[in-house]
Amino acid sequence: LRSKGLDLPWDASVPSLHRSANAGSLFGTSSSLFAPSKPSSGGALGASSSHAKAKRTVPSAGAVKGSSAAAPAPLSAPAPAPLGLSQAEKRSLFTPLAEQGESAIKQEQQRQLQSQGDLLKGIEATLVRWVQECLARDEKRDKLVEKGMLKCRVQAKWSDGLDESLKQLAKGYGAKLAVDGGKENAEKHPEWLRLARNEKWLIGFDAAAFETFLAAHPETLDAPCPQLRALAEGHAESVAKSPQVLSDALFARFGPLRHATMERARKFALMAKRGAKRKGGPGGQPEDEQRKARIEWPEDVAWAAATLAPMGLRPTGEPLVRVPASAALPILEGLGILARMPDLVRLLRDHGLGKVVSGYRHHPKPEVAKVAKDLVISWRAAFKEK
(Lines give C-alpha, C1' and ligand atoms only; values in the text may rest on other atoms or scores of the structure.)
Protein backbone atom coordinates (compact mmCIF):
# COMPACT_ATOMS: atom_id res chain seq x y z
CA LEU A 1 0.00 0.00 0.00
CA ARG A 2 2.81 2.38 0.85
CA SER A 3 4.50 1.72 -2.49
CA LYS A 4 1.26 2.77 -4.22
CA GLY A 5 1.13 6.03 -2.30
CA LEU A 6 -1.64 4.91 0.06
CA ASP A 7 -1.50 5.55 3.79
CA LEU A 8 -2.45 3.32 6.69
CA PRO A 9 -4.31 4.43 9.85
CA TRP A 10 -1.30 3.93 12.10
CA ASP A 11 0.96 5.90 9.71
CA ALA A 12 -0.94 9.16 10.20
CA SER A 13 1.64 10.38 12.71
CA VAL A 14 4.68 9.49 10.59
CA PRO A 15 6.00 12.78 9.20
CA SER A 16 7.92 11.33 6.28
CA LEU A 17 5.00 9.40 4.79
CA HIS A 18 3.83 10.83 1.49
CA ARG A 19 0.08 11.24 1.49
CA SER A 20 -1.89 11.40 -1.76
CA ALA A 21 -5.36 12.52 -2.60
CA ASN A 22 -6.28 9.00 -3.61
CA ALA A 23 -5.24 7.75 -0.17
CA GLY A 24 -7.46 10.23 1.56
CA SER A 25 -10.38 9.46 -0.66
CA LEU A 26 -10.03 5.73 -0.16
CA PHE A 27 -9.20 5.45 3.53
CA GLY A 28 -9.54 8.89 5.07
CA THR A 29 -7.80 9.62 8.34
CA SER A 30 -7.12 7.14 11.05
CA SER A 31 -10.34 7.98 12.81
CA SER A 32 -12.41 7.35 9.70
CA LEU A 33 -11.78 3.64 9.92
CA PHE A 34 -13.13 3.31 13.45
CA ALA A 35 -15.82 6.03 13.57
CA PRO A 36 -18.37 6.80 10.85
CA SER A 37 -17.81 10.05 8.94
CA LYS A 38 -20.50 12.72 9.22
CA PRO A 39 -22.30 13.37 5.94
CA SER A 40 -21.67 16.76 4.34
CA SER A 41 -24.37 19.30 3.57
CA GLY A 42 -24.61 18.00 -0.01
CA GLY A 43 -25.39 14.49 1.25
CA ALA A 44 -21.99 12.96 0.39
CA LEU A 45 -19.62 11.43 2.88
CA GLY A 46 -17.04 13.76 4.34
CA ALA A 47 -14.01 11.83 3.23
CA SER A 48 -12.55 14.71 1.21
CA SER A 49 -12.94 17.26 4.01
CA SER A 50 -11.52 14.77 6.46
CA HIS A 51 -8.55 14.24 4.19
CA ALA A 52 -8.08 17.99 3.87
CA LYS A 53 -7.99 18.39 7.61
CA ALA A 54 -5.45 15.64 7.83
CA LYS A 55 -3.29 17.38 5.22
CA ARG A 56 -3.39 20.60 7.21
CA THR A 57 -2.57 18.93 10.53
CA VAL A 58 0.14 16.49 9.39
CA PRO A 59 3.33 18.31 8.37
CA SER A 60 5.20 17.30 5.28
CA ALA A 61 8.66 15.88 5.20
CA GLY A 62 10.15 19.21 4.17
CA ALA A 63 8.42 21.06 6.97
CA VAL A 64 9.76 18.64 9.52
CA LYS A 65 13.29 19.09 8.25
CA GLY A 66 13.10 22.82 8.53
CA SER A 67 11.36 22.90 11.89
CA SER A 68 13.15 22.95 15.19
CA ALA A 69 10.97 20.20 16.67
CA ALA A 70 12.65 16.83 16.32
CA ALA A 71 10.76 13.65 15.36
CA PRO A 72 9.78 11.43 18.30
CA ALA A 73 12.45 8.87 19.11
CA PRO A 74 11.43 5.25 18.64
CA LEU A 75 10.89 3.21 21.79
CA SER A 76 13.69 0.82 22.61
CA ALA A 77 13.93 -1.84 25.32
CA PRO A 78 17.01 -1.96 27.52
CA ALA A 79 19.63 -4.38 26.36
CA PRO A 80 19.55 -7.69 28.28
CA ALA A 81 22.33 -8.34 30.71
CA PRO A 82 24.88 -10.79 29.38
CA LEU A 83 24.62 -14.30 30.79
CA GLY A 84 27.59 -15.53 32.68
CA LEU A 85 28.87 -17.56 35.59
CA SER A 86 30.56 -16.35 38.69
CA GLN A 87 34.00 -17.60 39.59
CA ALA A 88 32.54 -19.76 42.37
CA GLU A 89 30.05 -21.36 39.97
CA LYS A 90 32.74 -22.00 37.38
CA ARG A 91 34.98 -23.55 40.00
CA SER A 92 32.11 -25.76 41.26
CA LEU A 93 31.13 -26.91 37.76
CA PHE A 94 34.45 -27.41 36.03
CA THR A 95 36.84 -28.27 38.84
CA PRO A 96 37.09 -31.97 39.74
CA LEU A 97 35.53 -32.75 43.11
CA ALA A 98 38.80 -34.07 44.48
CA GLU A 99 40.41 -30.65 43.87
CA GLN A 100 37.60 -28.60 45.50
CA GLY A 101 38.61 -29.46 49.00
CA GLU A 102 37.42 -31.61 51.85
CA SER A 103 34.34 -29.46 52.52
CA ALA A 104 33.01 -29.94 48.99
CA ILE A 105 33.57 -33.69 49.20
CA LYS A 106 31.60 -33.90 52.47
CA GLN A 107 28.74 -31.88 51.02
CA GLU A 108 28.55 -34.16 48.00
CA GLN A 109 28.57 -37.24 50.24
CA GLN A 110 25.75 -35.83 52.36
CA ARG A 111 23.75 -35.03 49.24
CA GLN A 112 24.18 -38.58 47.93
CA LEU A 113 23.19 -40.07 51.29
CA GLN A 114 20.05 -37.94 51.44
CA SER A 115 19.14 -38.90 47.88
CA GLN A 116 19.66 -42.58 48.64
CA GLY A 117 17.54 -42.25 51.79
CA ASP A 118 14.68 -40.72 49.81
CA LEU A 119 14.90 -43.47 47.20
CA LEU A 120 14.92 -46.12 49.91
CA LYS A 121 11.78 -44.66 51.50
CA GLY A 122 10.05 -44.71 48.12
CA ILE A 123 11.05 -48.35 47.57
CA GLU A 124 9.75 -49.32 51.02
CA ALA A 125 6.44 -47.57 50.26
CA THR A 126 6.29 -49.60 47.03
CA LEU A 127 6.80 -52.78 49.03
CA VAL A 128 3.96 -51.86 51.40
CA ARG A 129 1.56 -51.36 48.51
CA TRP A 130 2.75 -54.56 46.82
CA VAL A 131 2.21 -56.63 49.99
CA GLN A 132 -1.30 -55.16 50.29
CA GLU A 133 -2.05 -56.30 46.75
CA CYS A 134 -0.66 -59.77 47.47
CA LEU A 135 -2.96 -60.08 50.50
CA ALA A 136 -5.98 -58.84 48.55
CA ARG A 137 -5.64 -60.96 45.37
CA ASP A 138 -6.44 -64.66 45.38
CA GLU A 139 -4.13 -65.41 42.46
CA LYS A 140 -1.16 -64.05 44.42
CA ARG A 141 -1.93 -66.30 47.35
CA ASP A 142 -2.31 -69.31 45.07
CA LYS A 143 1.02 -68.51 43.42
CA LEU A 144 2.77 -68.30 46.80
CA VAL A 145 1.40 -71.72 47.72
CA GLU A 146 2.50 -73.14 44.36
CA LYS A 147 5.89 -71.43 43.87
CA GLY A 148 6.86 -70.73 47.46
CA MET A 149 7.93 -67.13 46.63
CA LEU A 150 6.55 -63.91 45.18
CA LYS A 151 8.74 -61.23 43.59
CA CYS A 152 8.39 -57.47 43.63
CA ARG A 153 10.18 -55.41 40.94
CA VAL A 154 11.50 -51.98 41.94
CA GLN A 155 13.36 -49.44 39.80
CA ALA A 156 15.70 -46.60 40.75
CA LYS A 157 18.89 -44.89 39.62
CA TRP A 158 21.85 -47.16 40.17
CA SER A 159 24.44 -46.43 42.82
CA ASP A 160 26.65 -48.64 44.92
CA GLY A 161 25.23 -47.12 48.09
CA LEU A 162 21.63 -47.78 47.09
CA ASP A 163 22.45 -51.33 46.05
CA GLU A 164 24.02 -51.99 49.44
CA SER A 165 21.05 -50.38 51.25
CA LEU A 166 18.64 -52.58 49.32
CA LYS A 167 20.62 -55.65 50.30
CA GLN A 168 20.37 -54.68 53.95
CA LEU A 169 16.64 -53.94 53.58
CA ALA A 170 15.92 -57.31 51.99
CA LYS A 171 18.10 -59.09 54.53
CA GLY A 172 16.18 -57.47 57.38
CA TYR A 173 12.95 -59.04 56.12
CA GLY A 174 14.56 -62.34 55.21
CA ALA A 175 13.88 -61.67 51.53
CA LYS A 176 16.14 -62.29 48.53
CA LEU A 177 17.47 -59.53 46.28
CA ALA A 178 18.60 -59.86 42.68
CA VAL A 179 19.31 -57.38 39.88
CA ASP A 180 16.73 -57.86 37.14
CA GLY A 181 18.65 -58.74 33.97
CA GLY A 182 22.02 -57.97 35.53
CA LYS A 183 23.97 -60.43 33.37
CA GLU A 184 22.52 -59.11 30.13
CA ASN A 185 23.21 -55.53 31.17
CA ALA A 186 26.81 -56.31 32.01
CA GLU A 187 27.38 -57.86 28.60
CA LYS A 188 25.59 -55.24 26.47
CA HIS A 189 26.43 -51.96 28.19
CA PRO A 190 29.68 -50.38 29.36
CA GLU A 191 30.20 -49.61 33.02
CA TRP A 192 29.63 -45.85 32.70
CA LEU A 193 26.24 -46.41 31.06
CA ARG A 194 25.17 -48.94 33.67
CA LEU A 195 25.94 -46.47 36.43
CA ALA A 196 24.10 -43.59 34.72
CA ARG A 197 20.84 -45.38 33.96
CA ASN A 198 18.01 -46.72 36.08
CA GLU A 199 18.38 -50.25 37.39
CA LYS A 200 15.71 -52.81 38.24
CA TRP A 201 15.84 -55.06 41.29
CA LEU A 202 13.75 -58.11 42.16
CA ILE A 203 12.90 -58.62 45.85
CA GLY A 204 11.66 -62.13 46.56
CA PHE A 205 9.39 -62.85 49.53
CA ASP A 206 8.68 -66.31 50.87
CA ALA A 207 6.19 -67.05 53.67
CA ALA A 208 8.72 -66.25 56.42
CA ALA A 209 9.60 -62.93 54.77
CA PHE A 210 5.91 -62.00 54.62
CA GLU A 211 5.56 -62.73 58.34
CA THR A 212 8.56 -60.54 59.15
CA PHE A 213 7.28 -57.74 56.92
CA LEU A 214 3.82 -57.82 58.52
CA ALA A 215 5.42 -57.64 61.96
CA ALA A 216 7.35 -54.53 60.89
CA HIS A 217 4.35 -52.98 59.06
CA PRO A 218 1.15 -54.19 60.80
CA GLU A 219 -0.86 -51.47 59.05
CA THR A 220 -0.36 -53.42 55.82
CA LEU A 221 -2.46 -56.33 57.09
CA ASP A 222 -5.86 -54.66 57.36
CA ALA A 223 -7.63 -51.35 57.83
CA PRO A 224 -8.16 -50.27 61.47
CA CYS A 225 -11.64 -51.39 62.55
CA PRO A 226 -12.83 -48.05 64.04
CA GLN A 227 -11.83 -46.14 60.91
CA LEU A 228 -13.29 -48.82 58.65
CA ARG A 229 -16.63 -48.72 60.49
CA ALA A 230 -16.76 -44.91 60.52
CA LEU A 231 -16.19 -44.71 56.77
CA ALA A 232 -18.71 -47.48 56.04
CA GLU A 233 -21.41 -45.91 58.20
CA GLY A 234 -20.81 -42.60 56.45
CA HIS A 235 -21.86 -44.29 53.18
CA ALA A 236 -24.90 -46.04 54.67
CA GLU A 237 -27.34 -44.22 52.40
CA SER A 238 -25.50 -44.92 49.16
CA VAL A 239 -24.43 -48.55 49.69
CA ALA A 240 -27.90 -49.96 48.91
CA LYS A 241 -28.14 -48.02 45.63
CA SER A 242 -24.56 -48.34 44.44
CA PRO A 243 -22.17 -50.67 46.33
CA GLN A 244 -19.32 -49.51 44.10
CA VAL A 245 -19.37 -46.11 45.82
CA LEU A 246 -18.33 -47.70 49.11
CA SER A 247 -15.70 -49.88 47.40
CA ASP A 248 -14.12 -46.84 45.74
CA ALA A 249 -14.11 -44.92 49.03
CA LEU A 250 -12.45 -47.82 50.86
CA PHE A 251 -9.79 -48.20 48.18
CA ALA A 252 -9.04 -44.47 48.17
CA ARG A 253 -8.70 -44.44 51.96
CA PHE A 254 -6.99 -47.74 52.75
CA GLY A 255 -5.69 -49.12 49.45
CA PRO A 256 -6.32 -52.73 48.32
CA LEU A 257 -8.42 -54.71 50.81
CA ARG A 258 -9.34 -58.38 51.05
CA HIS A 259 -12.80 -59.52 49.99
CA ALA A 260 -13.72 -60.45 53.58
CA THR A 261 -12.86 -56.95 54.79
CA MET A 262 -14.96 -55.38 52.02
CA GLU A 263 -17.94 -57.57 52.93
CA ARG A 264 -17.58 -56.65 56.59
CA ALA A 265 -17.57 -52.95 55.70
CA ARG A 266 -20.77 -53.40 53.64
CA LYS A 267 -22.36 -55.10 56.67
CA PHE A 268 -21.40 -52.08 58.79
CA ALA A 269 -23.09 -49.77 56.29
CA LEU A 270 -26.28 -51.87 55.96
CA MET A 271 -26.72 -52.20 59.72
CA ALA A 272 -26.18 -48.46 60.15
CA LYS A 273 -28.88 -47.79 57.54
CA ARG A 274 -31.30 -50.06 59.42
CA GLY A 275 -30.52 -48.27 62.65
CA ALA A 276 -29.06 -51.33 64.37
CA LYS A 277 -26.60 -50.63 67.16
CA ARG A 278 -23.68 -52.78 68.04
CA LYS A 279 -22.73 -53.67 71.55
CA GLY A 280 -20.93 -50.90 73.31
CA GLY A 281 -22.85 -48.20 71.44
CA PRO A 282 -24.31 -45.02 72.91
CA GLY A 283 -25.48 -45.59 76.48
CA GLY A 284 -23.14 -48.54 77.03
CA GLN A 285 -19.49 -49.03 77.77
CA PRO A 286 -17.54 -48.82 74.48
CA GLU A 287 -15.51 -51.90 73.73
CA ASP A 288 -11.82 -51.50 72.97
CA GLU A 289 -11.32 -53.21 69.62
CA GLN A 290 -7.58 -52.90 69.94
CA ARG A 291 -7.85 -55.40 72.79
CA LYS A 292 -10.82 -57.50 71.68
CA ALA A 293 -12.42 -57.64 68.24
CA ARG A 294 -16.22 -57.55 67.93
CA ILE A 295 -17.52 -60.83 66.51
CA GLU A 296 -21.31 -60.75 66.08
CA TRP A 297 -22.22 -61.64 62.49
CA PRO A 298 -21.09 -64.30 60.00
CA GLU A 299 -19.22 -61.54 58.12
CA ASP A 300 -17.14 -60.99 61.26
CA VAL A 301 -16.27 -64.69 61.43
CA ALA A 302 -15.24 -64.74 57.77
CA TRP A 303 -13.12 -61.63 58.31
CA ALA A 304 -11.42 -63.18 61.36
CA ALA A 305 -10.52 -66.36 59.46
CA ALA A 306 -9.18 -64.38 56.47
CA THR A 307 -7.13 -62.08 58.69
CA LEU A 308 -5.56 -64.87 60.73
CA ALA A 309 -4.61 -66.70 57.51
CA PRO A 310 -3.97 -63.81 55.08
CA MET A 311 -2.13 -65.94 52.51
CA GLY A 312 -4.25 -69.06 52.82
CA LEU A 313 -3.51 -72.47 54.33
CA ARG A 314 -0.73 -74.95 53.84
CA PRO A 315 -1.56 -78.46 52.60
CA THR A 316 -1.40 -79.53 56.26
CA GLY A 317 -4.18 -77.07 57.13
CA GLU A 318 -2.06 -74.55 59.02
CA PRO A 319 -1.87 -70.86 58.00
CA LEU A 320 0.82 -70.27 55.40
CA VAL A 321 1.58 -66.86 56.92
CA ARG A 322 0.82 -66.09 60.57
CA VAL A 323 0.07 -62.51 61.52
CA PRO A 324 1.93 -60.69 64.32
CA ALA A 325 0.73 -60.92 67.90
CA SER A 326 -0.61 -57.35 67.89
CA ALA A 327 -3.16 -58.38 65.23
CA ALA A 328 -3.79 -61.99 66.29
CA LEU A 329 -4.54 -61.45 69.99
CA PRO A 330 -7.60 -59.15 69.61
CA ILE A 331 -9.15 -61.50 67.04
CA LEU A 332 -8.57 -64.63 69.12
CA GLU A 333 -10.02 -62.90 72.18
CA GLY A 334 -13.10 -61.87 70.22
CA LEU A 335 -13.65 -65.39 68.82
CA GLY A 336 -14.37 -66.68 72.32
CA ILE A 337 -18.01 -65.66 71.89
CA LEU A 338 -18.51 -68.34 69.23
CA ALA A 339 -18.78 -71.03 71.92
CA ARG A 340 -22.12 -69.47 72.97
CA MET A 341 -23.55 -69.28 69.43
CA PRO A 342 -26.03 -71.99 68.37
CA ASP A 343 -24.53 -72.33 64.88
CA LEU A 344 -20.94 -72.80 66.08
CA VAL A 345 -20.35 -75.97 64.05
CA ARG A 346 -21.53 -74.39 60.79
CA LEU A 347 -19.44 -71.25 61.29
CA LEU A 348 -16.27 -73.21 61.98
CA ARG A 349 -16.85 -75.54 59.04
CA ASP A 350 -17.80 -72.87 56.49
CA HIS A 351 -14.72 -70.71 57.08
CA GLY A 352 -12.15 -73.33 58.18
CA LEU A 353 -11.71 -71.40 61.41
CA GLY A 354 -10.91 -74.48 63.48
CA LYS A 355 -7.82 -75.27 61.40
CA VAL A 356 -6.73 -71.64 61.35
CA VAL A 357 -6.90 -71.22 65.13
CA SER A 358 -5.26 -74.60 65.73
CA GLY A 359 -2.27 -73.36 63.72
CA TYR A 360 -1.74 -70.57 66.25
CA ARG A 361 -1.24 -72.98 69.13
CA HIS A 362 2.43 -73.09 68.09
CA HIS A 363 2.86 -69.35 67.61
CA PRO A 364 6.30 -68.04 68.66
CA LYS A 365 4.64 -65.59 71.08
CA PRO A 366 3.58 -67.54 74.22
CA GLU A 367 0.56 -65.30 74.93
CA VAL A 368 -0.84 -65.94 71.45
CA ALA A 369 -0.29 -69.69 71.73
CA LYS A 370 -2.05 -69.80 75.12
CA VAL A 371 -5.16 -67.93 73.89
CA ALA A 372 -5.37 -70.20 70.84
CA LYS A 373 -5.14 -73.35 72.98
CA ASP A 374 -7.82 -72.11 75.41
CA LEU A 375 -10.06 -71.23 72.47
CA VAL A 376 -9.80 -74.72 70.97
CA ILE A 377 -10.54 -76.28 74.36
CA SER A 378 -13.67 -74.13 74.80
CA TRP A 379 -14.94 -75.05 71.34
CA ARG A 380 -14.46 -78.76 71.97
CA ALA A 381 -16.39 -78.46 75.20
CA ALA A 382 -19.19 -76.67 73.34
CA PHE A 383 -19.28 -79.51 70.79
CA LYS A 384 -19.88 -82.06 73.53
CA GLU A 385 -22.70 -80.00 75.04
CA LYS A 386 -24.45 -79.60 71.68
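In the assembled protein chains, ARG264 presents an accessible area of approximately 0 Å² (probe radius 1.4 Å).
Grab the other residues whose beta carbon is less than 15 angstrom from that of PRO310, score K and R as +1, D and E as -1, and report the net.
Details: positive: ARG137, LYS140, ARG141, LYS143, ARG258, ARG264, ARG314, ARG322, LYS355; negative: GLU133, ASP138, GLU139, ASP142, ASP206, GLU211, GLU219, ASP222, GLU318.
Local net charge: 0.
Only aspartates and glutamates eight or more places from LYS373 in sequence, or on another chain, were considered; those with a Cα closer than 20 Å are GLU318, GLU333, GLU385.
In terms of solvent-accessible area of protein heavy atoms at a 1.4 angstrom probe, what is the ranking of GLU99, GLU133, highest value first? Let's see the in-between values first.
Numbers: GLU99 135, GLU133 65 Å².
Ranking GLU99, GLU133 by accessible area, largest first, yields GLU99, GLU133.
Among the aspartates and glutamates, which fall within straight-line cross-link reach of LYS171, defined as a Cα-Cα distance under 16 Å, with same-chain neighbours fewer than 8 residues apart omitted? Hits, sequence-local ones excluded: GLU124, ASP163, ASP206, GLU211.
For GLU211, the accessible area of its heavy atoms, probed at 1.4 Å with every protein chain present, is near 50 square angstrom.
Find how much the distance from ALA230 to LYS365 grows on full extension, using 0.36 nm per residue of separation minus their present alpha carbon separation; answer in nm with one decimal. List each step's numbers first, then the result.
On the way: separation 135, 0.36 × 135 = 48.60 nm, distance 3.16 nm.
Gain on extension, ALA230 to LYS365, equals 45.4 nm.
Under 12 Å from the Cβ of ALA136, count the other residues' Cβ atoms, weight Lys and Arg +1, Asp and Glu -1, and hand me the total. Please report the intermediate quantities before stating the final value.
Values: positive: ARG129, ARG137, LYS140, ARG141, ARG258; negative: GLU133, ASP138, GLU139, ASP222.
Result for the local shell: +1.
Net charge in the neighbourhood of GLU333 (other residues with Cβ under 9 Å of its Cβ; Lys, Arg +1, Asp, Glu -1) is +2. Largest accessible area first, the residues THR212, THR316, THR307 order themselves as THR316, THR212, THR307 under a 1.4 Å probe with ligands, DNA and RNA left out. Probe 1.4 Å, all protein chains in place: accessible area of ARG129 in Å², nearest 10? So the heavy atoms of ARG129 present about 100 Å² to solvent. For the peptides 110-117, 351-358, residues were scored by their other Cβ atoms within 10 Å and the scores averaged per peptide; the highest-first order is 351-358, 110-117. Given the pairs LYS121/LYS365; LYS147/LYS176; LYS147/LYS370; LYS140/LYS267; LYS176/LYS200; LYS90/LYS121, which span a C-alpha to C-alpha distance of over 22 angstrom in this model? Too far apart for the 22 Å limit: LYS121/LYS365; LYS147/LYS370; LYS140/LYS267; LYS90/LYS121.
The values are calculated or read from the model by the stated rules, or taken from the named source; none is laboratory data. Bear in mind the structure is a predicted one, so any value in this text is a computation, not a measurement. Here Cβ is always computed from backbone atoms with ideal geometry, including for glycine, and neighbour counts include all displayed protein chains. These accessible areas exclude ligands, DNA and RNA; they are computed on the full protein's heavy atoms, side chains included. Shrake-Rupley method; radii C 1.70, N 1.55, O 1.52, S 1.80 Å.
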